[in-house]
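Student: Following this message is one structure expressed as structure tokens.
Any read-out appearing in this document is the output of simple, stated calculations on the displayed coordinates, not a laboratory observation. Computed from a predicted model, the values in this text were never measured in an experiment. For neighbour counting, all protein chains shown are included, and Cβ atoms are generated from backbone atoms with ideal geometry for every residue, glycine included.
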Amino acid sequence: MTPPAGDRDPAHTPVRPVRVLLCDDHAVVRAGLLALLSSAHGIEVIGEAGDGEEAVALAAALRPDVVLMDLQLGSGIDGIEATRRIAGLPEREAEGAAGRDDGPDVEREAGRADGRDVERDAAGRGATGRGAAGRGATGRGAPHVLVLTTYDTDADINRAIEAGATGYLLKAERPEELFSAIRAAAAGRSTLSAPVAHRVLAQMRSPRPGLTDRELDILGQLARGLSNREIARALFISEATVKTHLGRIYDKLGVDTRAGAVSVAKEQRLLP
């Protein structure tokens, strides 16, 4: 006999699975993630994308709860730009979410099943907090983006977070950590791998000094595509001095390549 609606146990209310969109330019990696996530209770992969443009289009059409996003996506836009576009998607029409009363259940289930595993400080396996734009898993707003990558440089982390990523996870994490992070992201909670959390805390405690005028000059020449020798000639300094300044620029911007320095400098509006 079915009990009256008022007597039903909320704990046994059916919970809608967390709907996930995968984005990685390697088909083998996507296949591995699909197989892995298929084994997780309460997680459903609803689509796959092999590049950034496809991920944005599928996110707009399918409205997943979470987009699992790689950063390096070959040709086209990278994972950072794809994250920015997905985070900026307009809210869905009211009828798209009407008639569904499963958002709170998903958030409650995520907290009940995974709070113990997910909500730990930076010294543990992961570090999490409540996302500023947390919405639960109602799907009414833009999907949450959870970065899953092998890159943990300060520049990549900062760019992803600034682009609107809910969390940042490294591919070296254990499957259980990935499952927990996905559920946390669906509920609007931010999740960082322990090494990433350590980097973020280190930046907060010891912020990098700003670039000097000379470093900005060299950065400007770098953006023009000049070689070290050409920069030295343009600024009337030695190549050794250029190399020294470049090393300091890389350290301050948290990068290790010329292209990375220019990219971060543009994002931080350090170049005209």
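Student: Short version: what are the Cα gyration tensor semi-axes of the stretch 206-251, square root of 5 times each eigenvalue, largest first, in whole Å?
Tutor: One finds semi-axes of 19, 10, 9 Å for the stretch 206-251.
Student: Using the crude model of +1 on Lys and Arg Cβ and -1 on Asp and Glu Cβ, and no other charge, please compute the dipole size for the stretch 140-272 relative to its Cα centre, in debye to 20.
Tutor: With only Lys, Arg, Asp and Glu charged at Cβ, the dipole is about 180 debye.
Student: State whether the stretch 170-272 is rounded, prolate or oblate according to the following rule on the C-alpha gyration tensor (a ≥ b ≥ c being the square roots of its eigenvalues): a/c under 1.5 gives rounded; otherwise a/b larger than b/c gives prolate, and the remaining case gives oblate.
Tutor: prolate
Student: Right, next: Sequence neighbours fewer than 8 away in the same chain don't count; with that in mind, list the lysines whose C-alpha is under 19 Å from Lys243.
Tutor: Cross-link targets: Lys252.
Student: If r is the Cβ-Cβ distance from Ala61 to Ala240 and R0 is 41 Å, what FRET efficiency results, to the nearest 0.05?
Tutor: Result of the calculation: an efficiency of 0.15.
Student: Would any residue of the stretch 163-205 have its amide N under 20 Å from a label point 7 Å out along Cα→Cβ of Ser39? List them or say none.
Tutor: 170-184
Student: How long is the gain from Arg205 to Glu53 if the chain were fully straight, where each residue apart is worth 0.36 nm and the alpha carbon distance is subtracted?
Tutor: Additional length available on full extension: 51.1 nm.
Student: Please list log₁₀ I(q)/I(0) at q = 0.18, 0.21, 0.30 Å⁻¹ for the stretch 156-213, using the Debye equation with identical point scatterers on the alpha-carbon positions.
Tutor: Treating every Cα as an identical point scatterer, log10 I(q)/I(0) equals -0.68, -0.86, -1.28.
Student: Using each residue's phi in the stretch 254-267, evaluate 6.51 cos²θ - 1.76 cosθ + 1.60 at θ = phi - 60° and report the 3J(HN,Hα) Karplus result to the nearest Hz, with x for Gly and Pro.
Tutor: Calculated HN-Hα couplings, in order: x, 10, 9, 9, 5, 4, x, 5, 5, 4, 5, 4, 5, 5 Hz.
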